[in-house]
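The values are calculated or read from the model by the stated rules, or taken from the named source; none is laboratory data. Model, not experiment: these values are computed from the prediction. For neighbour counting, all protein chains shown are included, and Cβ atoms are generated from backbone atoms with ideal geometry for every residue, glycine included.
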Amino acid sequence: MMLTRLHKILIGLLAVQLLLVFVFVVGGGGGSSSTVEKPLLAGFDAAKVTRIQVFGPGVDAARPVDLVKKGAEWTLASGYDFPVEPKHVEDLLGAIGKMAAASPVGTKAARHRQYKVADDEFERRLVIGVEGGGDTTVYVGGNAGPRRTAVRLGGDDRVYAVTGLSASAAGTDPGAWIKAEYTKGATDDVAAVTIVHDGKPPIELKRLAVDKPDAGSGSDTAPDPLAPKWAASIGGAPVEPGPNEKLDADTIEQAVGAVVNFNASAPGDPKRDASRPAATITVVRKADKIGASPTTTFDVIADGERYWLKARDLPRAILVEKSRLTSVMELTRDKLIKKPPPPAPKQPDEPGPGGDELPPVPPPP
């Protein structure tokens, strides 16, 4: 087949096109911008952040979690300035600073609702303030691919798919941010607990002294493990078990253990009127325990499904689940007494009360 002049021209044009494609691919002409991820917040400095507001979807959008840095400490401004666990803030800021993406997955406002990053429909809206002024808004949406979350910066229509940041990393529950530990101790450190609730006479639980051998006496006798460890009184009158009864040490230990350590499920208003509490609980620690107040009194007020609780010697109050104090708030004399188990039901083939027995059956002839 002879190559005409037209054939030669077409072959030449094809060769030029192939050369251009080769140069474009090898030289990275435009290809790198679609595959190399770049930071969404270039120059972001977590150390300069002084405030983070976390808005949730729906009704939560009107009640943001407001985290404010005061000096070197983070506090929950929307929760009576309760101390915040610094690691929670560090983890969130770290994830924000590492946000990176290549090409956007959407560039039009019409895609915002699809990815849940619209101005009025989102999973989270984060408003990040830095010292010196100026806020950055980050919309965190739903799934945007395997292990990727849709993210949009305020004032920008582009939506990106990022890793490392999700809505769950910015909780809308204040209790998820705070330093939960309120009081700390051990049951063995407690000498006495007094409970006054519902206007009833006070219940006092008092640890009994354990006799120990005198030093140098040569006696190695261990304390009797069956000896009573606690005494109880109601309204000043000792709780005296009846015949075959005894104080329920397990119930007492449970009640004492419930008031030694308190962790907050949420901050409480420290200025709440506690002049008429539902209960007051006074914990007295052993005299030889150093580093804690010897006596702490807590005021307790019912608050829906939780109790508001405040130690009188601490500046902050907390909310705890009601189940946390069931063993204390429902403590009564009956629950302090362990009664003997009821007798087992008499079996039909057992002797009757008079000792009568059925005559033996003679063997067959």
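Could you name every one of the strands (runs of 3 or more DSSP E) located completely within the range 27-138 that has at least 3 residues being more than 21 Å from residue 267 (Cα to Cα) and in contact with a Lys or Arg (Cβ under 9 Å, 6 or more places away or on another chain)?
Result: 124-130.
Out of the residues in the range 37-61 meeting the condition of being of a type in the set (A, V, I, L, M, F, W, C), surrounded by fewer than 12 Cβ atoms within 10 Å (Cβ to Cβ) and within 21 Å of residue 165 (Cα to Cα), tell me which one is modelled with the lowest pLDDT.
Here the answer is 42.
Can you pull out every residue in the range 117-134 that is out of contact with any helix residue (DSSP H, G or I) (no Cβ under 9 Å at 6 or more places or on another chain) and at pLDDT 95 or above?
127, 129
Which of (1) among the acidic types (Asp, Glu); (2) modelled with pLDDT of 95 or more; (3) out of contact with any helix residue (DSSP H, G or I) (no Cβ under 8 Å at 6 or more places or on another chain) does residue 66 not meet, given it meets every other one?
Every listed condition holds for residue 66 apart from (3).
Could you tell me whether any residue of the range 321-333 is over 26 Å from residue 175 (Cα atoms) and among the aliphatic types (A, V, I, L, M)?
Yes, there is a match, as at least one residue in the range 321-333 is over 26 Å from residue 175 (Cα atoms) and among the aliphatic types (A, V, I, L, M).
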